[in-house]
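Worksheet: one structure, shown below.
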Amino acid sequence: MPEQAERKRDERPRRPVLRVLGIDPGSRFTGFGLLAVEGNRVALVEAGRLVPAPGLGVPERLGELAAGLAALLDRHEVDVAAVERTFHGVNSRSLIVLAEARGALLAVLAQRGIPVREYAPAEVKAAVAGGQATKEEIGRMVGLLLGPAGRGLPADAADAVAVALCYSRRRHFDRLSERGESEARGDRKRALTSLASRANVPPCRRRPS
């Protein structure tokens, strides 16, 4: 009887595994964290930093970041990328270089056909650690959520993992929100069509003056 029960448990279909790549962009250090998400279970596949060689100019650094991300995508299958949005609190020069780094990374993801979701730093903090969490607190929370594999990561890598965790926690809410918006648009369209038909006026056309 126990063997039969065990066999039945093994025959249950497994949920598909979603591979989420979190990216914390930077022109000198870009953190990344790849998660395997299966239902409510989350496991860390790989995390680290893309680090261009020292002494390079901005164009060369961006080229190395793009090449590093491409090599990462060659190693792993990725279903969706979660990318942190640009933080507006930095100075204008740093903001420009950071935006250029994000552009280089987003271009690689687009070339591979990988869908991208973007989150502001505040959204990531709220989803993972809550409130005004510091980098250290986010790192500790990543370790608590992922166990030994998530501990001792460089700050950039921990931030990237947090972005991926943000996506994994919000994806159901985002899907429901998108569905609600789509249904609301459909309701508005049907209501306008109904009003126009009752007024005997073709929809989306104005009465001739």
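The values are calculated or read from the model by the stated rules, or taken from the named source; none is laboratory data. This one's a predicted model, so the numbers in the text were calculated from it and none came from an experiment. Every residue, glycine among them, receives a Cβ derived from its backbone with ideal geometry; neighbour counts consider all protein chains shown.
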Scanning region 1-48 for residues that are surrounded by 10 or more Cβ atoms within 10 Å (Cβ to Cβ) and at pLDDT below 50 gives Glu6
Ala104, sole failed condition from (1) modelled with pLDDT of 95 or more; (2) out of contact with any helix residue (DSSP H, G or I) (no Cβ under 9 Å at 6 or more places or on another chain):
(2)
Of the residues Val97, Val108, which single one is touching a residue at least 60 places away in the same chain (Cβ under 8 Å), in a helix (DSSP H, G or I) and surrounded by 14 or more Cβ atoms within 10 Å (Cβ to Cβ)?
Val97
Set Thr134, Thr86: member being touching a helix residue (DSSP H, G or I) at 6+ places or on another chain (Cβ under 6 Å) and not charged (D, E, K, R)
Thr86
From the option list Arg85, Arg117, Arg102, single residue qualifying as free of Cβ contacts under 8 Å to residues at least 40 places away in the same chain, within 22 Å of Cys166 (Cβ to Cβ) and under 14 Å from the mean Cα position of the chain (by Cα) is Arg85
Hits in region 33-76 - residues which are in contact (Cβ under 8 Å) with a residue 60 or more places away in the chain and in a helix (DSSP H, G or I):
none
